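Quick note: the coordinates plus some simple rules give every number you see, no bench work behind them. Keep in mind that what you see is a predicted model, and the values were worked out from it rather than measured. Ideal geometry is used to build each Cβ from the backbone, glycine not excepted, and the neighbour counts take in all protein chains shown.
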């Protein structure tokens, strides 16, 4: 029987603890949580699987007090539960793994069973299925998150969640703010895929501990940890588009208390490609260098983490040399320098009650000098952030009633500072300054109530004060109801807020001749309400389990900023909803999904999502504001993902098929005879649905692996992704209707890539 110790509380995460007679955390022998480990009472069928944090909770049974824990690749553990206290169960790796009879394979995307938040975790398994280059490309196998180019000239990618753009998703790294403000345009591409240990996606209303900015949801990225990283690891890849990248990492224990790790990333693309012959580079030339160093300190009841990262990114696009000779020069030159870091300090006062305090501080400086033809956008953002969290749990074991309950209280305060120095200029006109600053202090409290393993209530409230917008209150509530082991129901409701950034939120239109029309002094804070309902069925299928889920989310903006593309092909008009009588902006999102290990080593997931996003924009034909479908938003998405791993993990085959639905094009768009569009009875142009297919084959060896993959194997691309009058056969960027922002489908045909991974395994 393995050593049972009291759980050390992770101080910086919003945790939910259960108060059953057996509860705790399952860890591997490196101290990392084991997700999906089986925990059950010996000789019974009463058991659960650990959630994304390795946690479990079980009601007592009369027949035994022996708790069995099992996980593929680890020796089973049997624990005698003799006291009502929290457990930490450490499983030891089976060094003879090749001789183990593998009965199931862990799913690439995991759903939390115990958390009241509807959370999905993309594991390292999922991240390797598509050899993703960065965070924006990590969701190609996910049904919940859409990824698309924001324009056809800069190579920038944006995500969508619940039908809303990535600006409405709170992006954090290890629970610290990261991709926000100026970083919104390209920040998704600043986090390399090989750096990530896991990605957690929470839809709808999230915890108030991390702030008020989650409107559509929250995405948290977990980097590799120095105390568990391999001493040396390499990953290199090259594609048929001559995109090449290399990643190197390493983690070392300096002693039994201090660990340090380094993550390095570099990529380059220098070839001029113009497959559709429109005169524009299909992908900008790109150079990116990214370096991160972090430290982990553990001594007694104190835990400290320290991280610093530096980044340089340059993109050069625009007209090809051939097109430049026929037209006036038009270049896109985007230069970004960024440095950021955080410190996390935590101390546990009482491990049994989980009484602890954690302090998170972070800072970043982001500088960009951008040229889009004759248009200049230069900006810098300084951010400082503090979040102090106190948490404890309490109960009254003197009564039987209270023994079946768990109460947890979390409270704290936060301060966020954003300072912007920003200017935009076009054609030598007077430079428009957008300098501003905002300080937002706030206090928050969150209460968690758990009844056995049946009901969990998470209720939180924040009170913040913005130096720009004044006081605002953020209430949120999440409920989990699990009357049976095979069925879980969740509900959520809450408010979300964000400060608009006129240019950064709409940077895609810089690659066009659209003129920006807005009054920055009148753009008000965006405010929304999100309600959600989700259910998951866990259906035993022999030794395996079929997971069936369904969900619905409704997001309604109480006040927001609408970027109106419909008013004119030559303008982008930004206005507040309250400036237009009766204006609306909302999103309905339905999704169903099924996943399971069909046969030994063969997993499959199928999902379908329907999205209805509407906003009030100006209809020039009717000469009035109307509530209509948001432009360039797919109505539905279907996805089928299948993966097969041979016994002993020697080969792996991954295949993903996507089916993307139709969507409305902005007013004034002329398809010019393309068969990719249709016109409805009202005369509105829509793009048609389209398929995509991507796959990868991986060969594993003892310490290294090679992989070969292909993207967009259907070779479907959008006709004429860059709009504009042609001259000499090329799109003329000086034409009045030049626009590279009307993207709804892939703009590059099929491509292949080849890569390898190698690691010097950590010695135990």
Q) When Cα extents along the principal axes in Å is calculated directly from the model, which label among (1) 75, 66, 59; (2) 76, 73, 59; (3) 82, 56, 53 fits? A) (3)
(Q) Nearest 500 deg cm²/dmol is fine: what mean residue ellipticity at 222 nm does the chain get from its DSSP H runs of n ≥ 4 alone, each adding -39,500 (n - 2.57), divided by its residue count? (A) -500 deg cm²/dmol
Q) Can you sort 586, 678, 537, 484 by how many other beta carbons sit within 10 Å, fewest first? A) 484, 678, 537, 586
(Q) From the P(r) of region 510-665, could you give the percentage of C-alpha pairs in the tail past 29 Å? (A) 41
Q) What is the Cα centroid distance between region 240-314 and region 565-609, reported in whole angstrom? A) 30
Q. According to the square roots a ≥ b ≥ c of the eigenvalues of the Cα gyration tensor, what is the shape class of region 452-561, taking rounded for a/c under 1.5, prolate for a/b larger than b/c otherwise, and oblate for the remainder?
A. oblate
Q) Can you sort 534, 492 so the residue with the fewest Cβ neighbours within 10 Å comes first? A) 534, 492
Q: In whole angstrom, note down how far apart the Cα centers of region 410-450 and region 626-652 are.
A: 34
Q.
Pairs of alpha-carbon atoms within less than 8 angstrom and 6+ residues apart define the contacts here; what relative contact order does region 110-760 have, in percent?
A. 11
**Q.** Separation in nanometres of the label points that stand 7 Å from Cα toward Cβ, at residue 579 and residue 431
**A.** 2.5
Q | Ranked list, fewest to most other Cβ atoms within 10 Å of each Cβ, for 429, 406, 313 | A | 429, 313, 406
Q. How long is the gain from residue 238 to residue 275 if the chain were fully straight, where each residue apart is worth 0.36 nm and the alpha carbon distance is subtracted?
A. 11.4 nm
Q: Would you mind pulling out the separation of the Cα centroids of region 717-753 and region 174-220, in Å?
A: 30
